[in-house]
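Below is one structure, written out as structure tokens; comments come after it.
The values are calculated or read from the model by the stated rules, or taken from the named source; none is laboratory data. Predicted, not measured: the structure shown is a model, and the values here were computed from it. Cβ placement follows ideal geometry from the backbone for every residue including glycine, while neighbour counts extend to all protein chains displayed.
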């Protein structure tokens, strides 16, 4: 029974790695964002929640990415701050607020 957990972990890691490489065209156009720092526009998968730097398709499930506005808000005074992490006005960490943009609000391609 002790062998079951490592085997399941290896299987899950292997499946995720294969799925990520399956969508090479989407991966080439868009890179995954591991952690928000100061981004104001990201593209998010509506199914799994992965974040990417550009429009395309999710490398995990192939779903179309949704343009999403990112705001950083101080939880103490509810005013915007420039980036994630500690608010420059207080010691609290900024709250991340994501808002999906409607199709007509997505940045137009020239």
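Of note:
- Being modelled with pLDDT under 90 and not in a loop (DSSP other than H, G, I, E, B) is not true of residue 67.
- Search result, residues across region 30-64 that are crowded, with 17+ Cβ neighbours inside 10 Å and in a loop (DSSP other than H, G, I, E, B): 30, 36, 39, 45, 50, 56, 58, 59, 60
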